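The values are calculated or read from the model by the stated rules, or taken from the named source; none is laboratory data. Everything numeric in this text was worked out from a predicted model, so none of it was measured. Virtual Cβ from ideal backbone geometry, glycine too; neighbours counted across all protein chains shown.
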Amino acid sequence: MQHKQIERRALTVGIIVNIVMVVSGFIVFFMTGLKALFLDASFTVISVISGLVATILSRQSVRTTERYPNGMFALEPMYALAKAIFTLALLTFAVVDAAQAAWDYVMFGIGERMTLGPVVIYEIAMVAISFGLVAYYRRSNHTMHNASTMLTAEANGTLVDGMISAGIGAVAVALMFLPADTPLDFLNYTGDFFITTAIALIALKEPLGVLRDAFIELVGGVHEDDDTNQFVESAAQRHLPDGTEYDHVLVFKTGMNFTVDVYLTGVAETINVDNLIACKRALENELKRTLHIVDVDFVFD
């Protein structure tokens, strides 16, 4: 279970790092009242909770029972799907909340000047930590040929968090140098809305991508990673049963579980069943050294 151990170790590191970020984020939010910081800290809370859930699922999905003899790997894309939906909901909520505050200022003159003192230092630290954690998630996943759907979801979620921090920090620096009593002074009261909206639009691509990939896995779509497909195809051609010719291969992925359908054409009058089974097992053993959990089916069409 080497792949699962790598996955769980990466998730544990992420949980610890994100807890530190959550505590720091809410301290600065209560100091400044900046709603974009609430969005930032809330994203990190999601990362902590989802990391805990992912660690549990990482242990449970691989277990087999009489009812689930092939494991419960569908839980992994379901987790990614739920996290993506929740992330999209949070982005929407943050934009609506910031828009309400901007509307109150524009229409009724109600609002408070943004306090930006500690924001810049905090965001510089958060950007560095977030992008460092993204690199760690992706490097860990790369050692498994990007087989971990949950690490992909965590990396994308952390990337969104880092983008939020970078956006808030950049605008905070700009506003700190904005002279008072100028035509742009309104940005000191409504800038929170523009920051939050811009970040939400930029970050939208990440959860939508996770949503798409998780949906493909759940409904049984063909795996689209070219490197993995090429690796499987090359291995399949080295383990062809006697009396057959290679046609094509289809790779399906559900969580960390791969199903490989090798399509063959019979060129002999008979095919030895023992040889067929031996080739299947040999191919599975070769693929498992890289892809961890693989089930191979020879298909005659």
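How about the range 262-291: which of its residues are under 33 Å from the mean Cα position of the chain (by Cα) and exposed (fewer than 14 other Cβ atoms within 10 Å of the Cβ)?
In the first step, residues of the range 262-291 are kept if they are under 33 Å from the mean Cα position of the chain (by Cα); the result is 262-263, 280-291.
Result: 281, 285, 289.
When 290, 196 are checked against the criterion of being modelled with pLDDT under 90, in a helix (DSSP H, G or I) and outside the structural domain of residue 178 (by TED's automatic domain parsing), 290 stands alone in meeting it. Among the residues of the range 166-185, some residue qualifies, meaning at least one is at positive phi, surrounded by fewer than 18 Cβ atoms within 10 Å (Cβ to Cβ) and either at pLDDT below 80 or of a type outside the set (Asp, Glu) (or both).
Counting the residues of the range 41-60 that are in contact with a Phe, Trp or Tyr (Cβ under 8 Å, 6 or more places away or on another chain) and closer than 18 Å to residue 96 by Cβ gives 2. If you go through the range 139-155 and keep only what is without any contact (Cβ under 8 Å) to a residue 60 or more places away in the chain and buried (at least 18 other Cβ atoms within 10 Å of the Cβ), you end up with just 155. In summary, residue 120 fulfils each of the numbered conditions (1) over 21 Å from the mean Cα position of the chain (by Cα); (2) part of a loop (DSSP other than H, G, I, E, B) with the single exception of condition (2). Of all the residues in the range 263-277, those that are in a helix (DSSP H, G or I) and in contact (Cβ under 8 Å) with a residue 24 or more places away in the chain number 2.
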